1. Quick check: at a probe of 1.4 Å, how many percent of the accessible area of the range 97-172 sits on carbon and sulfur atoms?
2. Computed FRET efficiency, Cβ-Cβ of D151 and S121, R0 22 Å: what is it to the nearest 0.05?
3. Could you provide, to the nearest whole Å², the per residue accessible area of the chain with probe 1.4 Å?
4. Lysine pairs in the range 70-131 with Cα distance under 20 Å, only those 8 or more apart or on different chains: how many are there?
5. Quick one: with all protein chains in place, what share of the accessible area of the range 10-80 is carbon or sulfur, to the nearest percent (1.4 Å probe)?
6. Find, among the trypsin sites (Lys or Arg not before Pro) in the range 109-154, those assigned to loop by DSSP (not H, G, I, E, B) with at most 13 other beta-carbon atoms within 10 angstrom.
7. Given a 1.4 Å probe and heavy atoms of the protein chains only, how would you sort D170, D151, largest accessible area at the top?
8. Counting helices only, and only those DSSP H runs with n ≥ 4, report the 222 nm mean residue ellipticity of the chain as the sum of -39,500 (n - 2.57) divided by its residues, in deg cm²/dmol to the nearest 500.
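The values are calculated or read from the model by the stated rules, or taken from the named source; none is laboratory data. All of these numbers come straight from a predicted model, not from anything done at the bench. Note: ideal-geometry Cβ built from the backbone for every residue, glycine included; neighbour counts use all protein chains shown. Note: accessible area is taken over every heavy atom of the protein model, side chains too, but ligands, DNA and RNA are not part of it. Shrake-Rupley method; radii C 1.70, N 1.55, O 1.52, S 1.80 Å.
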Amino acid sequence: MKKILAFSGSNSSTSINQKLILATTQLIDGIDVIDLRDYDAPIYSSDIEKASGIPTNIQKLYDLIQGYDSVILSSPEHNGLPPAFLKNILDWLSRTDGQKFLQDKKVALLSTSPGKNGGASSLGKLSAVIPYWGATIVGTYSLGSFFDKVDEDNHLKFEEDKTALKAILDLL
C-alpha cells in the first residue's frame, strides 16, 4: 500500500484548507495528516543558511516527506498566490539535500476558498514549480464555496465533489 502524506499550506489554526485535507482523508484510506505549522522556520535568508544551516524543523519535514510515496497539499490563496508561510517552507525545503525534495513523488494539489474560484490561481502557480523539485502532479482540484460544500464535521456534502476529488486521489 502506498504511503500518502497530506497537509495544508496554511498557518491558520482555523484553516479551511486543513479542513479540506481532513475531508480528503474520508475518501481513501492510508493518508497521514500533519500540521505544517509544526515545521515553521525563519524567513529564508542565505545569511541564516550560511550561519546556521537548514533549520531543524525543515530537516525533520524533509526526512518525513522522504518516507512517503505521495503528497497531498492543499494551499490557500493570498492575493492570487500561495501564502508566504507555504512559500517559505518550500524555499527552505528546496535548500535541502539535492534540492529535489519531492523526487519521484506523486503530488495532488488542492485548494479551497469561500469564493467560487476555490483558490485556483494559487494552484496554477504551484503547478508550475512543484515539478522542478522532482514531483509528478497527478491532478489539481479547486473547491469553491467551501462553506456551502463542507459540513461542520469536515465531510464533503456533494457527490460530484467527492467523485472528482477521489478520481485524483486514486492516481496517487
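1. Working: 1970 of 3860 Å².
Taking all protein chains in place, the range 97-172 shows 51 percent carbon and sulfur surface.
2. Values: r = 26 Å, r/R0 = 1.18.
Taking R0 as 22 Å, the efficiency between D151 and S121 is 0.25.
3. Working: 8350 Å² over 172 residues.
Per-residue value: 49 Å².
4. On the way: K87/K100; K87/K105; K87/K106; K87/K125; K100/K125; K105/K125; K106/K125; K116/K125.
So the count works out to 8.
5. On the way: 1560 of 3540 Å².
Answer for the range 10-80 is 44 percent, counting heavy atoms of protein chains only.
6. Working: sites: K116, K125, K149; in loops: K116.
Here the sparse-neighbourhood loop sites are K116.
7. Working: D170 95, D151 55 Å².
Greatest to least solvent exposure: D170, D151.
8. Details: 7 runs with 62 residues, N = 172.
Rounded to the nearest 500, it is -10000 deg cm²/dmol.
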